[in-house]
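Beneath this line is the structure, given in structure tokens, with notes to follow.
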Amino acid sequence: MSAEPTVPADLDTARRRHDALARRVRDARYRYYVLDDAPITDAEFDRLYRELEELEAAHPALASPTSPTRQVGAPPTTAFAEVTHPQPMLSLDNAFSREELEAWAERIRKGLAVAAGAADDEEAASPDDAPRVRFVCERKVDGVAIDLVYRDGVLTSAATRGDGRVGEDVTAQILTVDDVPYRLDVADPPGLLEVRGEVYYPLEAFAEMNAERIEAGEAAFKNPRNAASGALRQKDPTVTARRPLAVWCHGVGAVEGVSFTTHHQALGYLADAGLPVDPRTEVVDDVDAVWELIERWTADRHEVAFEIDGVVVKVDDLAQREALGFTSRAPRWAIAFKMPPVEEATKLLAIEVNVGRTGKATPFAILQPVLVAGVTITTTTLHNEAQVRAKDVRVGDTVMVRRAGDVIPEVVGPVLDRRPADAVPWSMPDHCPFCGEPLHRPEGEAHHFCENVDCPNRLLGSLEHLASRTALDIEGLGEETVRLLVDEGLVSDLADVFRLAEHRDRLLALPTWGPKRVDNLLAGIEAARTRPLDRVLVALNIRHLGPTTARLLAREFGSLAAIRSADPDDIAAIDGIGPVIAAAVHAWFATPRNAELVDELAALGVTAGVADTPASTSGLLDGWRLVLTGSLDGWTRPQLTAALEDRGATVTSAVSSRTSAVIAGSDPGAKLTRAEELGVPVVDEAGLEGLLRDGELPS
Ligand code: IVH
């Protein structure tokens, strides 16, 4: 941590520092608001901004109207029509500690005492003279500020903040957001209602979208705020419509034909009118209670479905607000308490490569251990060579590491100013680090693969997968047992699992293994010999082949032999199977060592019985809007999504009142809470089965 900058006493030195800081702050703002880029982290921005404020406090001559401290956001770009906000959109002052929060509350109390005539100036005012102040606490979602204007109950414009006075017209884009009503649900609509809110990209959906981009070899978005801004500022609103944007409304601007006396009353009105208001918003009586909420929300910020970077604390009483007024850029009656940053800088010590069960080679970062939002991060995946290149991270770089929600920590990018002169771009090694065979990247794939079926690192992953619930479901054959059996030389390929019965004596001789454990394992293996064809297909570790696709293949071809002799066009002709999967299946069976394995399995009595052919399920869920949360045993997200979509359902990322049901597995995210708040039905793992089979919710 660098030492706190000291404010130069002499004006010239201070002015030079001020000019330099102002340039950096303007540049950062322009790139952040206009280019959706983040040249520096929020925390770094806050530090620069703080220093500007301190310089101006010591040298008021520096606080000219063009100083960044007097401006909000950045001027609107020319890509969208301009909208003048009925009331300017201001920013917020920040507090970073309990002391700063208390100092703010103290200023409020004194300011109100002066306004009430109980004291002549703030110096003379004692907090005891002040009237009672109640505070509204709201979670500060990290998104894009939006101004919604309703005239006679109808949305007439939606605009970004722009420079605070004039923003960009994104009405068409906002109308695609589920959460935002076109018409207010009120009996007697007011002539004008200006609503302030924040558009955000829910974290789970953000992670899913980035995963898809990574899979396709495209550059990932740096953070959900960028993704929200990018989605909102699409010229073509149909593109926005495909993004699961959500909104929280947190205030009103200009109003005509309706009036409020408190902020929480205004929020209640918005919620009743059908606008989304964060249900966790609370009104409290004193700073102790504010602090308690800040602590609670900071502690559970990672369990929330969206990214929060702070808590906004506002004076509830609107008459008190009026008395307190504004500075040039922010209201005196509100403050943003900033939570610790979710991004930190650390050193990228090395990039290594792991090889998984299908041979996929995944680069990962070895980091100087760094504490990010309460968790020490030492390694993170870098996904594939294209991502490493897109991020341009190099060994030796100082990199930003980010952790948000349940999302796996990520390296966001390098801090270019701190790049060592000798840092070179990274490339995937030519050979597998585990078996030394060449790594290669198939046409159209973002990933490199080790094609050696006998690669020792692949074997461990393959065996674990073979025994997993979606595959052959062999009880007692977990990660540790697999490693032991391989280390003992009892298993050296998948078929060896079915030869274990011949080695009962050696199993019995294993330390801590008694007859019961051995017999249970062998019974589990025996039962696995008669699993249906689709499960056997899943067990083979074929690239891209999950349970849904395996079922389609099994239903179409009926036997391993038929699939083996099918050509890629026959496979791709199946509805729901694309050319990439078809090519992967064909290539797998065409590999001699795999063909041998299939023969061996057959000889060992693995029958690969025909899959149960379920009754036709197409159209079973037509018109359903479903949301997934948590992990569901036996399913990956894309697989379950595919299975639901096969049946006609639309799977969306954000829960709204239009959601038909939320499917919640273990460790559900905040979508479950949201569903409960909105009264949306929740389906658990047991209910899911019925939903997929009969298209019915459990009663
Ligand atoms: S009130 C005049 N409330 O944070 C008061 N802002 O850092 C204006 N934000 O410009 C803002 N959640 O874009 C307010 N509950 C909340 C908020 C919130 C997020 C954003 C908003 C604001 C920025 C200030």
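The values are calculated or read from the model by the stated rules, or taken from the named source; none is laboratory data. These numbers come from a predicted model, not from an experiment. Neighbour counts are summed over all protein chains in view; Cβ atoms, including those assigned to glycine, are modelled from backbone coordinates with ideal geometry.
Would you call residue 487 closer than 30 Å to residue 361 by Cβ, surrounded by fewer than 18 Cβ atoms within 10 Å (Cβ to Cβ) and at pLDDT below 90?
Judged against the criteria, residue 487 is not a match.
Quick test of your reading of the structure: residue 379 fulfils all but one of (1) over 19 Å from the mean Cα position of the chain (by Cα); (2) under 27 Å from residue 479 (Cβ atoms). Name the failing condition by number.
Only one criterion is unmet by residue 379, namely (1).
I'd like to check which strands (runs of 3 or more DSSP E) are fully inside the range 134-195 and have at least 1 residues that are touching an Asp or Glu at 6+ places or on another chain (Cβ under 7 Å), of a type in the set (Gly, Ala, Ser) and more than 12 Å from the ligand (Cβ to nearest atom). Explain how you work it out, then say what you get.
Numbers: elements: 135-141, 144-151, 154-160, 166-168.
Because the criterion is at least 1 residues that are touching an Asp or Glu at 6+ places or on another chain (Cβ under 7 Å), of a type in the set (Gly, Ala, Ser) and more than 12 Å from the ligand (Cβ to nearest atom), the strands (runs of 3 or more DSSP E) in the range 134-195 that meet it are 154-160.
Being within 16 Å of the ligand (Cβ to nearest atom), in a helix (DSSP H, G or I) and closer than 20 Å to residue 325 by Cα is the filter here; which residues of the range 57-94 pass it?
69, 70
Being touching a helix residue (DSSP H, G or I) at 6+ places or on another chain (Cβ under 6 Å) and within 13 Å of the ligand (Cβ to nearest atom) is the filter here; which residues of the range 317-328 pass it?
Result: 324, 328.
Would the range 335-348 turn up any residue that is more than 16 Å from the ligand (Cβ to nearest atom) and among the β-branched types (Val, Ile, Thr)?
yes
If you go through the range 672-699 one residue at a time, how many are modelled with pLDDT under 80 and buried (at least 16 other Cβ atoms within 10 Å of the Cβ)?
Matching residues across the range 672-699 total 0.
Restricting attention to the range 499-539, which residues are of a type in the set (Asp, Glu) and not in a helix (DSSP H, G or I)?
Across the range 499-539, there are no qualifying residues.
Quick test of your reading of the structure: residue 116 fulfils all but one of (1) crowded, with 20+ Cβ neighbours inside 10 Å; (2) modelled with pLDDT under 95; (3) of a type in the set (Gly, Ala, Ser); (4) more than 16 Å from the ligand (Cβ to nearest atom). Name the failing condition by number.
So the condition that residue 116 fails would be (1).
Under 25 Å from the mean Cα position of the chain (by Cα), more than 12 Å from the ligand (Cβ to nearest atom), closer than 30 Å to residue 409 by Cβ and polar (S, T, N, Q): does that describe residue 281?
Considered against the rule, which asks whether it is under 25 Å from the mean Cα position of the chain (by Cα), more than 12 Å from the ligand (Cβ to nearest atom), closer than 30 Å to residue 409 by Cβ and polar (S, T, N, Q), residue 281 comes out as no.
Exactly one of (1) part of a loop (DSSP other than H, G, I, E, B); (2) under 13 Å from residue 606 (Cβ atoms) is unmet by residue 544. Its number?
Looking at each condition in turn, residue 544 falls short on (2).
Among the residues in the range 240-252, are any hydrophobic (A, V, I, L, M, F, W, C), within 16 Å of the ligand (Cβ to nearest atom), free of Cβ contacts under 8 Å to residues at least 24 places away in the same chain and out of contact with any Ser or Thr (no Cβ under 9 Å at 6 or more places or on another chain)? Step through it out loud before you land on a result.
Pass one, the range 240-252, residues hydrophobic (A, V, I, L, M, F, W, C): 241, 245-249, 252.
In the following step, the residues that additionally are within 16 Å of the ligand (Cβ to nearest atom) were identified as 245-249, 252.
Restricting the remaining residues to those that are free of Cβ contacts under 8 Å to residues at least 24 places away in the same chain gives none.
No, because not a single residue in the range 240-252 is hydrophobic (A, V, I, L, M, F, W, C), within 16 Å of the ligand (Cβ to nearest atom), free of Cβ contacts under 8 Å to residues at least 24 places away in the same chain and out of contact with any Ser or Thr (no Cβ under 9 Å at 6 or more places or on another chain).
Is it the case that some residue within the range 262-278 is part of a loop (DSSP other than H, G, I, E, B), within 13 Å of the ligand (Cβ to nearest atom) and among the β-branched types (Val, Ile, Thr)?
Within the range 262-278, one or more residues are part of a loop (DSSP other than H, G, I, E, B), within 13 Å of the ligand (Cβ to nearest atom) and among the β-branched types (Val, Ile, Thr).
Output the qualifying pairs, or none if there are none: Cβ atoms under 7 angstrom, residues six or more apart or on different chains, first residue in the range 547-559 and among the basic types (Lys, Arg), second residue part of a helix (DSSP H, G or I) and buried (at least 23 other Cβ atoms within 10 Å of the Cβ).
Matching pairs, first to second residue: 551/534.
Going through 352, 344 one at a time, which residue ends up being at pLDDT 90 or above, under 22 Å from the mean Cα position of the chain (by Cα) and acidic (Asp, Glu)?
344
Can we say residue 54 is surrounded by fewer than 19 Cβ atoms within 10 Å (Cβ to Cβ), touching a residue at least 12 places away in the same chain (Cβ under 8 Å) and outside any loop (DSSP other than H, G, I, E, B)? Let's see the steps before the verdict.
Numbers: surrounded by fewer than 19 Cβ atoms within 10 Å (Cβ to Cβ): yes; touching a residue at least 12 places away in the same chain (Cβ under 8 Å): yes; outside any loop (DSSP other than H, G, I, E, B): yes.
Yes: the conditions hold for residue 54.
Looking for something at positive phi and surrounded by fewer than 19 Cβ atoms within 10 Å (Cβ to Cβ) - is there at least one such residue anywhere in the range 661-669?
yes
A quick yes/no check of all residues on (1) surrounded by fewer than 18 Cβ atoms within 10 Å (Cβ to Cβ); (2) out of contact with any strand residue (DSSP E or B) (no Cβ under 6 Å at 6 or more places or on another chain); (3) farther than 22 Å from residue 163 by Cα; (4) at pLDDT 90 or above:
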| site | (1), (2), (3), (4) |
| --- | --- |
| 6 | yes, yes, yes, no |
| 45 | yes, yes, no, no |
| 66 | yes, yes, no, no |
| 74 | no, yes, no, no |
| 83 | no, no, no, yes |
| 100 | yes, yes, yes, yes |
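Mind telling me which of the residues 259, 229 ends up being farther than 25 Å from residue 667 by Cα and part of a helix (DSSP H, G or I)?
Testing whether each residue is farther than 25 Å from residue 667 by Cα and part of a helix (DSSP H, G or I) leaves just 229.
Can you find even one residue in the range 597-620 that is over 22 Å from residue 470 (Cα atoms), at pLDDT 90 or above and within 38 Å of the chain's Cα centre (by Cα)?
no
Collect the residues in the range 198-228 that are of a type in the set (Lys, Arg) and within 16 Å of the ligand (Cβ to nearest atom), keeping them in residue-number order.
225
Can you name every residue in the range 95-109 that is in a loop (DSSP other than H, G, I, E, B) and either among the aliphatic types (A, V, I, L, M) or away from the ligand (no atom under 16 Å from the Cβ) (or both)?
Scanning the range 95-109 gives a single hit, 97.
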